[in-house]
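Just below is one structure, and these are the notes that go with it.
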Amino acid sequence: MTHADAHGDASVVAALFAHNTWANLKLLDFCAQVSDAQLDATAIGGYGSIRATLSHIIRAEVSYVERVSGTRPPRPLAGEQPPSFALLQEVARWAGDELLQLALSARKDTIVREREQGQVCEYPLASLIVQEVTHATEHRTQIATIITQLGMEPPDLSTWQYMVETGEFREFAEGEGDA
């Protein structure tokens, strides 16, 4: 077991957002290989079809960035038509990078203030960051449910799998890994 100092460090936030982006991209990669009929499948209690939910996840991440910084991706997800998987992946990477920077800049007193149609609302940036991660996780889970109901095995989006795929998780015989 390792010990961190009493103040923690930014690597925890970076890991959280790296996993979120990885999970989005892994799910997009998987879904790019299924049929249009499968992409149009839904489940009771979910947001909508797999295709609509994927688009919703990425559009929401862009909207979180835009609310705080006004920044948009170089190639935005425009219109009502379903975006291509290539564009969704590009925008997912962009949003992941931008959200990480926002999360790293968030302090407990950082307030987001929005004005729209004569109304003003404000809330902590830290809470918006929590919303982003829980929102994406919830909808990825809904998509995994639909995939399972279609008789397929969804991709493993767990943090354990992330650690295995990125080389963070290592196994060795007892005594081998000691410094």
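Just so you know, all these numbers are worked out from the coordinates, no wet-lab data involved. Note that the coordinates shown come from a computational prediction; the quantities given were computed from them, not determined experimentally. Note that each Cβ is placed from the backbone with ideal geometry, even for glycine, and that neighbours are counted across all protein chains shown.
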>> I'd like the FRET efficiency for T166 and Q117, computed as 1/(1 + (r/R0)^6) with the beta carbon distance as r and R0 of 30 Å, rounded to 0.05.
In response: 0.10
> Using a Förster distance of 22 Å, how high is the FRET efficiency between S158 and V130, based on the Cβ-Cβ distance and rounded to 0.05?
Replying inline: 0.65
>> Rounded to the nearest 20 debye, what is the charge dipole size of the range 11-166 about its Cα centre when +1 sits on each Lys and Arg Cβ and -1 on each Asp and Glu Cβ?
In response: 300 debye
> Order of F17, F30, F169 from fewest to most other C-beta atoms within 10 Å?
Replying inline: F169, F30, F17
> Once the piece of chain linking L150 and A60 is laid out straight, how much longer is it, given 0.36 nm per residue of separation minus the C-alpha distance between them?
Replying inline: 29.8 nm
>> For a quick check, take a GNM of the chain with Cα springs below 10 Å and name the residue from A37, A136, A95 with the largest mean-square fluctuation.
In response: A37
> Given 25 °C and 0.890 mPa s, how large is the Stokes-Einstein diffusion coefficient of the range 27-79 in µm²/s, with Rh as the Kirkwood radius over Cα pairs?
Replying inline: 197 µm²/s
> When a footprinting reagent is the concern and you count Cβ atoms within 10 Å, what order do W22, W94, W160 take, fewest first?
Replying inline: W160, W22, W94
> What FRET efficiency, computed as 1/(1 + (r/R0)^6) with R0 = 45 Å and r the Cβ-Cβ distance, is obtained for T141 and E176, rounded to the nearest 0.05?
Replying inline: 0.80
> What does the convex hull of the Cα atoms of the chain come to per residue, in Å³, rounded to a whole number?
Replying inline: 162 Å³
> Among L128, N24, S69, whose Cα sits farthest toward the positive end of the charge dipole of the range 11-166 (+1 at Cβ of Lys/Arg, -1 at Cβ of Asp/Glu, about the Cα centre)?
Replying inline: S69
